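See below for the structure under consideration.
The values are calculated or read from the model by the stated rules, or taken from the named source; none is laboratory data. Keep in mind that this is a model prediction, so the values were computed, not measured. Cβ placement follows ideal geometry from the backbone for every residue including glycine, while neighbour counts extend to all protein chains displayed. What goes into the accessible areas is simple: the full protein's heavy atoms, side chains included, and nothing from ligands, DNA or RNA. Shrake-Rupley method; radii C 1.70, N 1.55, O 1.52, S 1.80 Å.
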Amino acid sequence: MSTGVEADIALDAAVVLTLGMNRVLGGTAGLAGRGAEVLAALAAERAEARSAALAEAETYERALREVVERNARIAALAGTREKVHAENAVALPSPLVLADQAPDELTDWCAATDAALDESERRLSEHLAAQVSARVFTAPAEGLRADIGQGASPSPLHAEHRAERSAAGPAEARKKLERVLARLLPDAPEDERRAVADAAALLTGVGTAEEAETAITEVRLRIQEANRRTEEQRAEDRRRAQEREAAEQAEAERRYVLGSITSAFEEMGYEVDAGFETLTADDGAVVLTKGAWPDHSVKMRVDDASQVRAAMVRERPAESEDDRRVDAEREREWCDAFEAARARLAGAGIRSGVTWRLDPGVRELPVSPGARQTGARSGRREHRREREK
C-alpha cells in the first residue's frame, strides 16, 4: 500500500492457549468456562496471579491434548480390530467424552488407558498371528510334513513314538511361527500382512527342520520390513496431524485477530464493509468506512494473524487545496483511531508494534479503484445491528 501504517502482531499466551482449548473441546460448554478463566488472566493486576493462572491453563491444555491422542488411538485400534475380524476377541477401552474434568482426572485416565491400549494391541497382534498360523497349518497333508523338526527318519526301535513325533513336529513349528507372527504390528497395511502370510505359507512345503527354520526366518524378515513401513506410516500420519493442528491453530488465531479488530473499530463508529466472514475469499482485505467520510475509506489487510497493514484512500480524485486539507485531517483522525484500536486490542491479548508509518499529508492519497458500494455498507450496518441484539 502506498500510504498508511504497518504493524506486527503477537498474541498473548493466554489467547493462544484459549484458542487451542476451544478447538480441542469443540465449542462445548466446558470450553466457554475454561476460556473465560484463561482470558481473565489477561486482566490480572498482579504478575504472580497471572503467572499462576497461565500455568494452570497450560497444564489443563496439555491434559486435553493427551486425552485427544488416546481417543484417536482407540479409534485407530477399533478400525484395525474390525479389519482382522476380532471384535469379539479383543476388548478396547471406551473413549473419554471431554466435559468438565479436572486436569488430574484427565491424566489418571490417560495412564490407565495407556496400559489397556498396550494390552489390546498385543492381543490384536496375537489374534492376527493365530489367523495366519491356522491357515498355514490347515494346508493339505503333502504340504507341511509330519516329521518337521525331527531330522532323519525314525529308527524301527522307536516306531512306538512315531505318532508322538508326528504331532510334536508341526505343533512346535506352529508355536514358533505364532511367536514370530505376534511381532507383526496389528495396523500393518493389508499388502504387508499378505506378504507375511505368503512367507508363512512356505512352511507347507518344507521337509526338514533346517527348511522350516529358513521359512520362519523369511517370515521374521518380512515382519521386520512390514513393521518398519508401518512405523514410517505412523510417523507420516503424526506429521500430517501436526500440520493440520498447526493450520487449524493458525486459522483460529487469524479469526480471533480479525474478530477483535472488527469489534474494536465498530465500537469506535466504523463500518467494516467487506465483513471478516469472507476474508478467505477476499484475500484478507477489508474496507473501513465512516458515516462522516463521504470521500474516504481505509483499506486494511491482515496477513496470517501476524501483520496488519492499513492505508487511507479517496473515493474520487482530489480537485482542490481544500480537498487535500480534508485529506490530511482524515489521515490524522485515522492515525488517532488506529492507536486507540491498538490499545483496545492489547486488552484482548493482541500486542502490536508499528514497523512502518507514513505521517498525514506527506503523500497524496491514492484513489480507490472502484466506487464504494453503498448497498454493501447498509447491508453491513444491518448485519451489525443483528449481531448486537
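Tell me, what is the FRET efficiency for Lys83 and Ala49 to the nearest 0.05, using R0 = 56 angstrom and their Cβ-Cβ distance as r? The pair Lys83/Ala49 has a calculated efficiency of 0.60. Using 0.36 nm per residue of separation minus the Cα-Cα distance, give me the extension gain between Glu190 and Glu105 in nm, one decimal. The Glu190-Glu105 span can extend by a further 26.8 nm.
Arg325 exposes around 120 Å² of accessible area when a 1.4 Å probe is run over every protein chain in place. Model label points for Arg65 and Ala292, set 7 angstrom from Cα along the Cα-to-Cβ axis, are 4.8 nm apart. Surface exposure of the stretch 179-259, expressed per residue as accessible area with a 1.4 Å probe, stands at 55 Å².
The residues of the stretch 41-130 expose on average 56 square angstrom of accessible surface per residue, using a 1.4 Å probe on protein heavy atoms. Restricting the GluC sites (Glu not before Pro) of the stretch 305-373 to loop positions (DSSP other than H, G, I, E, B) with no more than 11 neighbouring Cβ atoms within 10 Å leaves Glu319. Given their separation in residues at 0.36 nm each and the Cα-Cα distance between them, Gln131 and Arg238 gain 35.6 nm when the chain is fully extended.
A full extension of the chain between Glu225 and Asp336 corresponds to an added length of 33.4 nm, given 0.36 nm per residue minus the alpha carbon distance. With R₀ set to 45 Å, the beta-carbon distance separating Val362 from Glu248 gives a calculated FRET efficiency near 0.60. With R₀ fixed at 45 Å, the C-beta to C-beta distance from Asp114 to Glu315 puts the FRET efficiency at about 0.10. With a/c under 1.5 counting as rounded, go ahead and sort the stretch 92-135 into rounded, prolate or oblate using the C-alpha gyration tensor (a ≥ b ≥ c being the square roots of the eigenvalues; past the cut-off, prolate if a/b is larger than b/c, else oblate). Because a/c hits 1.5 or more and a/b exceeds b/c, the stretch 92-135 counts as prolate.
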